[in-house]
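To keep things clear, I will list the structure first and then write my remarks on it.
Any read-out appearing in this document is the output of simple, stated calculations on the displayed coordinates, not a laboratory observation. No experiment lies behind these values; they were computed from the predicted model shown. Here Cβ is always computed from backbone atoms with ideal geometry, including for glycine, and neighbour counts include all displayed protein chains.
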Amino acid sequence: MKDSWVMKVFLITGPRQSVVEDLPDPTPKPLEAVVLIERVGICGTDVEFFNGEMAYLHSGEATYPLSIGHEWCGRVIEVGSTEFESWLGKPVTGDTMLGCGDCSLCRKDLQYLCNSRFEIGIRNGQPGALAEKLVVPIKALHELPESMDATTGALVEPGGNAWRAVQSCELQPGERLLIFGTGSIGMLAAQIAKSLGLDVFLVGNAKADNAFAKGLGFENVFEFAELPEIEFAAVIDATFSPAIPAVALELIQPGGKIIYIGLSSSPSLIDTRKLVLKNITAIGILSASPGLKPVIEIFASGKVDPTPIVGATVSLSEVANVLSGMRPANFSKGPKIHVDPRIY
């Protein structure tokens, strides 16, 4: 049994270098809570940090050693002030984006765009959840139903991004939505869109990923070359490809909406003449913040079961292998890998 005053934390110490280290237990300030972490999702952003490619490392907004992990859930075990004792024992997840609270954007509830924001496990040194415990501002917490399992709880953050992408399409039941990408965000967006009665088409690159999507009940799953020559009322780009933004502009019907949520490692180019002449609305999605509450409600209602997208749950000691691209022996077809920080 480890000493009660230390906790295990996964730290990235440099490009493709990491360690699981004992650090002192966190102490909450008056407006903060300590959460005992139960589950954490590994994200493409985490892989970029591990590889040394993430833009924040080059801009100085993030530095090594780095504590990552922003898709998480757990239970409140300590609060910094007696006025928040009602949170004790509650299952929670939390907003990744922590604004300054004072600027004009924060006053408009756009704290996820605040220039001075901290991002849990990502930006300005805010520790992440790949640890046994995490300190979180009370205002960033979102309570989860007791009936919600840890796998679902840790999918709320990516689910919030997916919800925002689907809602931004502003489609009616029966309208046709094309989603590029059969990874975690693409599949969550597809599940949410299907629950709303949309006619969902999916495009993926890997046959195994496409077969997984079909196994979840999606009939219209294609590789790009197989895609029918039809127009779509909206397109969601949930890929890392710099070519897809321009492709989406070709496939969208006049007056439609293109939602960009994927980020490529190099700039993407589009022909803005087509954007204008087709009267297209292009929307970028940053942050799950406005989508956290509604996606908790959707998951809790049972209308969407996101758990099949989790292919495996690993320990802290296995995280480096996952970030290196290795897959656990028990890995299923789901694109997402979770971590249980209580296991090491």
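The figures follow:
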{"item": "Phi-based couplings in Hz for segment 299-307 (Karplus 6.51, -1.76, 1.60; Gly and Pro marked x)", "result": "5, 5, 6, x, 5, 10, 10, x, 4"}
{"item": "Gaussian network model of the chain, Cα within-10 Å springs - most flexible of 245, 254, 267", "result": "267"}
{"item": "Label point distance in nm, residue 47-residue 301, each placed 7 Å from Cα along Cα→Cβ", "result": "3.2 nm"}
{"item": "Virtual spin-label span in nm between residue 88 and residue 315, 7 Å along Cα→Cβ", "result": "3.2 nm"}
{"item": "Virtual paramagnetic centre 7 Å along Cα→Cβ of residue 286, amide N under 11 Å, in segment 18-56", "result": "none"}
{"item": "Per-residue HN-Hα couplings for segment 19-31 [Karplus 6.51, -1.76, 1.60; θ = phi - 60°; Hz; x = Gly/Pro]", "result": "7, 9, 10, 7, 10, x, 4, x, 10, x, 7, x, 9"}
{"item": "Other-chain or far-sequence residues with amide H under 5 Å of residue 71's (modelled H)", "result": "41"}
{"item": "Above-threshold pairs, the threshold being 20 Å between Cα atoms, out of 108/303; 194/257; 133/303", "result": "108/303; 133/303"}
{"item": "Highest-MSF residue in the chain out of 100, 73, 169 [GNM, Cα springs under 10 Å]", "result": "100"}
{"item": "FRET efficiency for residue 124 and residue 22, using Cβ-Cβ distance with R0 set to 25 Å, rounded to 0.05", "result": "0.55"}
{"item": "The chain: antiparallel DSSP beta bridges as a percent of all, rounded to 5", "result": "60 percent"}
{"item": "Acute angle (nearest 10 degrees) that the helix 184-195 long axis makes with the longest principal axis of the chain, alpha-carbon atoms", "result": "60 degrees"}
{"item": "Span per principal axis, largest first, for the Cα atoms of the chain (Å)", "result": "63, 48, 42"}
